[in-house]
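Colleague: Dropping the structure in here first, questions after.
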């Protein structure tokens, strides 16, 4: 057997068994050489056993799936994949491109570039002009169109993330404008658009391949959220309790607040609760959640009720008169001293959960801003009727 | 190519890795529940679950290749990520029809990403010494190797090996990496590189010789360092 074949056999055995293999001693000089070569191969074992960290593997998988989703979405809206689209669609739509590439296009290059420049100028102009457009307004669809065209003209992952972030900024501007006008309906529509565009920006950023670009965009997103959270907080006093609940939900999604209400429980004081008995009320309302602070008060259908008996970070107890909870539908909330509101329709009475009934109309809120239907946070999906 | 579809153990890195006993010449295996060809076809049709299977199977392969070329965990992670993003974007274009041709395609992308990495560095690969945390997070440290001296030893050893690998020719390096790091048989390496198995064995013999010489050259400095570290601190201060 040739030395290279012997080496290959010994190497195979070593890789399979993971142990040192015996070498025959018929040819001492050749054996020594083989041993040296096997020893060199053994030095590669650390590389052979190296594994990526679990965190890296999970993070990369998540980013790859997001990337696949992005590519799928791009295909669905008629965009070409980035890897297939070296030429922006504005220069030569795919249907106009000959199979051999763009070289055979019959459009004079200068004319094409002038067209591109004009189109981009128009797009940017439209984008600037419509930046303050609120969702539902006449210019809003123009703004979306301009941003869509801009995203097609600059088909790179970073540009997509930047575009989404720019849309989120425009949504925030529209929100502030609506707040200044006192139009809470438009403000909350802008808030919904803001959350949607913010989530899209976060998804686009997480799919960025280049680590430094991803970190830079993540820093921009964090900075944007920080500023937006401050703006949203400043607007809390101008909104009714349901609007404040939506704003609080957005703040919670960004990690800007911990306030959350998960469940409320009504207990008759004819039972044994000494707190409620001491207060003299009919019912004891216990609200569970997180982020409760001193000064927080319990709301029922938007109205402060009863007397707060005890507050802990995860629970508030209040004494409630039975008349305050006489309606067919209950929305129980907690309002902090700085105006944040978290609500739930998951209300139990004496340990019994009644069937779900969403609030049909805006209950009295006392703030003068009507017209916004109750919109419990996504986590608050179960409701309850009082009674039973 | 032979496929072992039975005996497997779970790799903590997330991939199913074959046991090699009795499987001569086996470089690739696949869970029998879903044939590789089907997984590839589904992934080409934008099936995320199938893409996830391919990712889990080939992540260790690409990562080890990147680590062996870059010699740095962070660079290896970046190269691995870039490689998989290209794979995701271009999987519909690949003409791979089985595991081996797919690996050849994927490692070709990884090789390009490594070249781009070195171009970005604008120099020949220079190794940044790993921190102790990096040496811990890399899994080449054996259990019980928590002694700082062992960590340093592992770090120096990896640096030496990668430096020695970078002294080889492209062909020699490819044969050694595919054969001794990625566990392909000589026949499979031949298919990956477009060579006969006999030529691969001969090349492997020369490549390991060159690697041994390169390691031997580097060992002088490493031994001096180890001797220095083994001596008591008092003695070192007196030097």
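Colleague: Given a Förster distance of 41 Å, report the FRET efficiency between residue A:212 and residue A:321 from their Cβ-Cβ distance, rounded to the nearest 0.05.
Modeller: In this case the efficiency is close to 0.10.
Colleague: If I model a spin label at residue A:253 and residue A:180 as a point 7 Å from the Cα along the Cα→Cβ vector, what separation in nanometres do I get?
Modeller: 2.5
Colleague: Order the peptides A:309-321, A:211-223 from the highest to the lowest mean number of other Cβ atoms within 10 Å of their residues.
Modeller: A:309-321, A:211-223
Colleague: Give me a single rounded figure for A:2-9: the average over its residues of other chain Cβ atoms within 10 Å of their Cβ.
Modeller: 6
Colleague: At a Förster radius of 51 Å, what calculated FRET efficiency corresponds to the Cβ-Cβ distance of residue B:193 and residue A:294, to the nearest 0.05?
Modeller: Working: r = 72 Å, r/R0 = 1.41.
In this case the efficiency is close to 0.10.
Colleague: Based on the Cβ-Cβ distance from residue B:95 to residue A:226, what FRET efficiency comes out when R0 is 45 Å, to the nearest 0.05?
Modeller: Plugging the Cβ-Cβ distance into 1/(1 + (r/R0)^6) gives 0.40.
Colleague: Dividing the alpha-carbon Rg of region A:283-334 by 2.2 N^0.38 Å yields what?
Modeller: This ratio for region A:283-334 stands at 1.05.
Colleague: Other chains near B:46-55: what is the mean number of their Cβ atoms within 10 Å of each residue's Cβ?
Modeller: 3
Colleague: Multiplying the sequence separation of residue B:213 and residue B:116 by 0.36 nm and subtracting their Cα-Cα distance, what value in nm do you get?
Modeller: 32.1 nm
Colleague: Quickly rank A:180-188, B:60-68 as a protection proxy: mean count of other C-beta atoms within 10 Å, highest first.
Modeller: Descending packing order for the listed peptides: B:60-68, A:180-188.
Colleague: List B:86, B:175, A:331 from most exposed to least, where exposure is judged by having the fewest other Cβ atoms within 10 Å.
Modeller: So the residues, fewest neighbours to most, are B:86, A:331, B:175.
Colleague: Does a label point 7 Å from the Cα of residue A:337, set along Cα-to-beta-carbon, have any residues of region A:295-328 with amide nitrogen under 19 Å, and which are they?
Modeller: Within reach of a label on residue A:337, which here means backbone N under 19 Å from a point 7 Å along Cα→Cβ, region A:295-328 contributes A:295-299, A:304-305, A:307-318.
Colleague: Determine the gain in length on full extension of the stretch residue A:59-residue A:159; use 0.36 nm per residue of separation and subtract their C-alpha separation, reporting nm with one decimal.
Modeller: On the way: separation 100, 0.36 × 100 = 36.00 nm, distance 2.18 nm.
The span from residue A:59 to residue A:159 would gain 33.8 nm if fully extended.
Colleague: I want to check the label-to-label distance for residue A:72 and residue B:169. Put each point 7 Å from Cα in the C-beta direction and report it in nm to one decimal.
Modeller: 4.7
Colleague: Further question on the same structure: How would region A:214-270 be classified by its alpha-carbon gyration tensor: rounded, prolate or oblate, with rounded meaning a/c under 1.5 and the a/b versus b/c comparison settling the rest? Could the numbers behind the result be given before it?
Modeller: Values: a/c = 4.95, a/b = 2.10, b/c = 2.36.
Here region A:214-270 falls in the oblate category.
Colleague: Just need the relative contact order of region A:201-268 here, percent rounded to a whole number, with Cα pairs under 8 Å and 6+ apart.
Modeller: That works out to 19 percent.
Colleague: Okay, moving on. How long are the three semi-axes of the equivalent ellipsoid for region A:195-236, computed from the Cα gyration tensor as the root of 5 times each eigenvalue, in whole Å, largest first?
Modeller: Over the Cα atoms of region A:195-236, the semi-axes work out to 24, 11, 4 Å.
Taken together, the values in this text are just the output of simple stated rules run on the coordinates, not laboratory data. Being a predicted model, the structure only gives us computed values, none of them experimental. Cβ coordinates were reconstructed from backbone atoms using ideal geometry, including for glycine residues, and neighbour counts include every protein chain displayed.
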